[in-house]
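Chemist: This is the structure I have questions about; it appears just below.
The values are calculated or read from the model by the stated rules, or taken from the named source; none is laboratory data. Just so we're clear, the structure is a prediction, and the values are computed from it rather than from any experiment. Cβ placement follows ideal geometry from the backbone for every residue including glycine, while neighbour counts extend to all protein chains displayed. Surface accessibility is based on the protein's heavy atoms, side chains included, excluding ligands, DNA and RNA. Shrake-Rupley method; radii C 1.70, N 1.55, O 1.52, S 1.80 Å.
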Amino acid sequence: MDWNVDSTQIYHDLVMAEAVNSHTTPNVVGITFGSVFTAAGLTFLGMGIYAMNRDGEGLSEAFDDLAGGLLIICLATPTLALGIPLLGYNIYAYGKHKDHAVKRDEYLKSDNAYKRRRAAGAPAEKTAEEQGVSLQMSILPTVDVANAGGGMKLMLAF
């Protein structure tokens, strides 16, 4: 009985499994938008605090307090409420997707090394290595005449 195992398909399956989760472009876009919203929210917050703390008298001070409160409530709070979670999630997801991309690249590197080893070891005639086989396993019956016994022998060829 002879089994031939080819690692090319195994590497291909591993690469495809990691490639599904390795796209970081949506996270980069999310980080960009999250950063813009967070920066805008912090700017509005700073402007609102500055407007509320400006010195003035009478109607001018009341207008500054009203404008500062509106900046904080109407602009700073919603943009920060949108920007901070968007930025945080995309930074987290970028790290996870980057890990999958690194693992995918390692599998591709191992696959290329495997193919080079297989191509370098191929003799002139067409062998199992040239057919894409990396391991040959053979189970052979054995007979031990000297000790009156027998059994099975497993032979591996790389």
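Chemist: Can you give the extra length, in nm with one decimal, that the chain gains between Thr32 and Leu135 once fully stretched, where that is 0.36 nm per residue apart less the Cα-Cα distance?
Modeler: Gain in length upon complete extension: 32.2 nm.
Chemist: Which of Gly68, Tyr89, Gly58 sits farthest toward the positive end of the charge dipole of the chain, with +1 on the Cβ of Lys and Arg and -1 on the Cβ of Asp and Glu?
Modeler: It is Tyr89.
Chemist: Further question on the same structure: Quantify, in whole percent, the carbon and sulfur part of the accessible surface of the chain (1.4 Å probe; protein heavy atoms only). Could the numbers behind the result be given before it?
Modeler: Details: 7060 of 10920 Å².
Solvent-exposed carbon and sulfur of the chain make up 65 percent of the total.
Chemist: Leu59 to Ala39: FRET efficiency via 1/(1 + (r/R0)^6), r the Cβ-Cβ distance, R0 41 Å, to the nearest 0.05?
Modeler: Between Leu59 and Ala39 the formula returns 0.80.
Chemist: Any chance you could run the full-extension gain for Met52 through Lys109? It's 0.36 nm times the residue separation minus the Cα-Cα distance, nm to one decimal.
Modeler: Details: separation 57, 0.36 × 57 = 20.52 nm, distance 5.97 nm.
So the chain would gain 14.6 nm between Met52 and Lys109.
Chemist: When Lys and Arg each count +1 and Asp and Glu each count -1, what net charge do the other residues less than 12 Å away from Asn53, Cβ to Cβ, add up to?
Modeler: -3
Chemist: Stokes-Einstein D for the chain at 10 °C, 1.306 mPa s, Kirkwood Rh over Cα pairs, in µm²/s?
Modeler: In µm²/s, the coefficient rounds to 72.
Chemist: Counting only heavy atoms of the protein chains, get the accessible area per residue of region 1-88 (1.4 Å probe) and round it to a whole Å² value.
Modeler: That works out to 65 Å² for each residue.
Chemist: Quick one: which of 32-42, 46-56 comes out on top by average Cβ neighbours within 10 Å, and what's the full order, highest first?
Modeler: The packing order, highest mean first, is 32-42, 46-56.
Chemist: Follow-up. Can you give me the distance in nm between label points at Ala67 and Ile10, each placed 7 Å from the Cα along the Cα-to-Cβ direction?
Modeler: 7.1 nm
Chemist: Enumerate the amide H contacts of Leu135 below 5 Å, restricted to partners 5 or more residues apart or on another chain; note that Pro and chain-start residues carry no placed amide H.
Modeler: Residues meeting the amide H criterion: Val5.
Chemist: Using Cα pairs closer than 8 Å and at least 6 residues apart in sequence, work out the relative contact order for the chain, in percent.
Modeler: On the way: 193 pairs, mean separation 53.4, N = 158.
Relative contact order here is 34 percent.
Chemist: Something else now. Find the Rg to Rh ratio for region 52-118, where Rh is the Kirkwood radius over alpha-carbon pairs and Rg uses the same atoms.
Modeler: Working: Rg = 26.5 Å, Rh = 16.6 Å.
Result: Rg/Rh = 1.60.
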